[in-house]
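Here the structure is laid out as structure tokens; the discussion comes afterwards.
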Amino acid sequence: MDLTRLLQSQGFGSRAECRALIAGGRVSVDGRRCVDWDEQFEAAGLVFCVDGVSWRYHKAVYLALHKPGCYECSHRPQYHRSVYSLLPVPLTRRGVEAVGRLDQDTTGLLLLSDDGAFVHRYTSPRKLVEKVYEVRTRYAVDEGQVQALLAGVTLRDEALTVAAVRCQRLDDRHLRLSVTLGRYHLVKRLLAAVGNRVESLHRVAIGGFVLPPELRAGDWMWLEAADLERLAAGCLAASAGGLRHGGHAAMEGAPGS
Ligand code: URA
């Protein structure tokens, strides 16, 4: 692939902008400044530098972001900053989108991609992708609340019954809870339905991919092949788990869904 097209495909701007970067001596490969915009490279695996920043060629973008609090999952945020402002400009220029949304005050794992099929796969309720949250609650959680969440509760403001795939009490006011449905304020509404209240919410995993502990709030990482495999493998497990837990998927499809 010629260098201009390569840079363009990686989000470095229009053909003219990429040619200007090359002509300006701002692009290098293997420590060698490249000033010929028609120079050919094997794209797969190529590592190149723009203004001293190193990039690896990626045909498509798959990212994991550790979302901090006070960020909105929107390109046009209303009250806070956008999660997209945490990414380098070339990635946002590639049309990266969040895979589902987290509330502004929710922290933790957010996937982003420019691959529409991937975004659809991990947001579709039919795919039964398990999303795991750690929930701090205002009031002590009792066994009755855990059992109700596992059995399925009807949301207060919607004729929809939803069951947690898993729900484990970690301590008095701390739960690990997973759901497959993606719905506005879902975990907060589930806790409200059992008479409790969410104080803080942190997403720790999606499918089989766990937020790496070394990824700090505000940081992001590329998802490599092994990460994507883990993600997908965990999703198959989630669908089996869903059926084991009394057909919660059918309940999620109840009137109002
Ligand atoms: N459920 C919520 O209530 N909020 C989130 O951000 C995600 C799940």
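The residues on offer are 122, 133, and the sole one that is at pLDDT below 95, buried (at least 19 other Cβ atoms within 10 Å of the Cβ) and of a type in the set (Ser, Thr, Tyr) is 122.
Residues that are more than 16 Å from the ligand (Cβ to nearest atom), open to solvent by 70 Å² or more (accessible area, probe 1.4 Å) and on the phi < 0 side of the Ramachandran plot: does the stretch 176-199 have at least one? Within the stretch 176-199, not a single residue is more than 16 Å from the ligand (Cβ to nearest atom), open to solvent by 70 Å² or more (accessible area, probe 1.4 Å) and on the phi < 0 side of the Ramachandran plot. When residue 71 is tested against (1) out of contact with any Ser or Thr (no Cβ under 9 Å at 6 or more places or on another chain); (2) within 24 Å of residue 204 (Cα to Cα), exactly one condition is not met: (1). Hey, could you check the stretch 101-129 for residues that are under 15 Å from residue 223 (Cβ atoms) and touching a Gly at 6+ places or on another chain (Cβ under 9 Å) and say which is farthest from the ligand (Cβ to nearest atom)? In this case the residue turns out to be 114. The criterion of being open to solvent by 60 Å² or more (accessible area, probe 1.4 Å) and either within 16 Å of the ligand (Cβ to nearest atom) or in the same structural domain as residue 204 (by TED's automatic domain parsing) (or both) holds for residue 142. Taken over the stretch 53-76, the criterion of being under 21 Å from residue 225 (Cβ atoms), assigned to a strand (DSSP E or B) and open to solvent by less than 20 Å² (accessible area, probe 1.4 Å) is satisfied by 63, 64, 65. Pairing each residue of the stretch 132-160 that is of a type in the set (Gly, Ala, Ser) with any residue that is assigned to a strand (DSSP E or B) and more than 16 Å from the ligand (Cβ to nearest atom), provided the two are 6+ apart or on different chains, yields C-beta distances under 9 Å for 152/161. Restricting 50, 27 to those that are open to solvent by less than 20 Å² (accessible area, probe 1.4 Å), in contact with a helix residue (DSSP H, G or I) (Cβ under 8 Å, 6 or more places away or on another chain), among the aliphatic types (A, V, I, L, M) and farther than 24 Å from residue 219 by Cβ reduces the list to 27.
Inclusion of residue 204 among residues that are of a type in the set (A, V, I, L, M), in contact with a strand residue (DSSP E or B) (Cβ under 6 Å, 6 or more places away or on another chain) and near the ligand (Cβ under 8 Å from one of its atoms) is not warranted. Filtering the stretch 145-166 to residues that are open to solvent by 20 Å² or more (accessible area, probe 1.4 Å) and either basic (Lys, Arg) or within 14 Å of the ligand (Cβ to nearest atom) (or both) leaves 156, 157, 158, 166.
The values are calculated or read from the model by the stated rules, or taken from the named source; none is laboratory data. Note that this is a predicted model, so its numbers are computed, not measured. Note that we place each Cβ from the backbone using ideal geometry, even for glycine, and neighbour counts take in every protein chain shown. We work out accessible area using only protein heavy atoms, side chains counted, and drop any ligands, DNA or RNA first. Shrake-Rupley method; radii C 1.70, N 1.55, O 1.52, S 1.80 Å.
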